[in-house]
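A.B. asks: Below you'll find the structure I mean.
All of the numbers you see were taken from the coordinates with simple rules; none came from a lab. Because the structure is a prediction, the values reported are computed rather than measured. Positions of Cβ are backbone-derived with ideal geometry, glycine not excepted, and every protein chain shown enters the neighbour counts.
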Amino acid sequence: MKIDKILTAVILAGLLAGCAAVVPRELVNAREAYQRVSTGATAQVAPAELHIAREALLRAEQSFLKTSGSFTTRDLAYVAQRRTEIAEVTASIAMEQKNQNLASIEYQEAQSQIVTDTKIDLSRAREDLATSELVGEITAEQLAASQKLAADSQAALARLAAVREEPRGTVITLSGSVLFASDQIALLPQAQIRLNQVAEVLMTLSERNITVEGHTDSQGTETHNLELSQGRADAVRNFLTQHGYQPDRIQAHGMGEGHPIADNGNPEGRANNRRVEIIIEHGLLSSN
């Protein structure tokens, strides 16, 4: 509270001094930014960062009183505005994290129910297939049961990620932002929940060969992106093998920035290009 009173007094003095000297635009911007942020949620969520912003603005105001708008004043005002913006962003991230934590329990319960329902459906399909195999030859009933098992698996995966059929197989696409922090190869906690659910379904197809491909956007060097994509593909492969999938049936390849599915010229396109794809050989509905 004391520094707020000091800051108010300095600003009032600066306004009076403004009759003789023009207040720099940078200082005006810094004042407006601090006024906006200090009256919002940032004061409660990120008080430490807002305190730093207050002190930075105070230094800028004191410089203005002494020098009437020198380059030093402008530089200090610019720093004060950036400090205010940092406080605002910090508060925004903290509030978003709080909301995510509150939603996490509901999300996990919903996803667990999906996996439970999927297990029941797949178990029934396997029982039907096992019964038909007793006949000793591939019958129309056995083929139908096999196709039903594959269709159920595809439906289960579709609930968890984007799934499409291509000549190379069934492609499961997972957003890179869901799996990894920026420029990192370690799986996020929320990503492990999602991958665990995907692994549950993939285990019903454990006789299939799969390939994990990592992809990046065009930001950064080509060499770095190639290494980053390989590290992310390896992380997903390791997760799946640790959850029971046969290591000799999984390959991991880093594709770098060379296979975009959207325009790298805008943030939305780059976000779509940052992805991991799991390709199931022959496709789910193949009879092979």
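A.B. asks: Could you run the Debye sum over the Cα atoms of the stretch 161-281, one equal point scatterer each and no solvent, and tell me log10 of I(q)/I(0) at q = 0.14, 0.17, 0.20 Å⁻¹, two decimals?
C.D. replies: -0.53, -0.79, -1.09
A.B. asks: On to the next question. With labels modelled as points extended 7 Å from the Cα through the Cβ direction, what inter-label distance (nm, one decimal) is found for A181 paired with N238?
C.D. replies: That separation, rounded to one decimal, is 1.6 nm.
A.B. asks: Can you give the extra length, in nm with one decimal, that the chain gains between A94 and S206 once fully stretched, where that is 0.36 nm per residue apart less the Cα-Cα distance?
C.D. replies: Between A94 and S206, full extension yields an extra 36.2 nm.
A.B. asks: Just need the relative contact order of the stretch 161-281 here, percent rounded to a whole number, with Cα pairs under 8 Å and 6+ apart.
C.D. replies: Relative CO of the stretch 161-281 lands at 36 percent.
A.B. asks: Once a ≥ b ≥ c are taken as the square roots of the eigenvalues of the Cα gyration tensor of the stretch 161-208, is the result rounded (a/c under 1.5), prolate (a/b larger than b/c) or oblate (a/b not larger than b/c)?
C.D. replies: Oblate is the answer for the stretch 161-208, as a/c is 1.5 or above yet b/c matches or exceeds a/b.
A.B. asks: Still on this model: Output needed for the stretch 205-257: three equivalent-ellipsoid semi-axes, defined as square roots of 5 times the C-alpha gyration tensor eigenvalues, in descending order, whole Å.
C.D. replies: Values for the stretch 205-257, descending: 25, 9, 7 Å.
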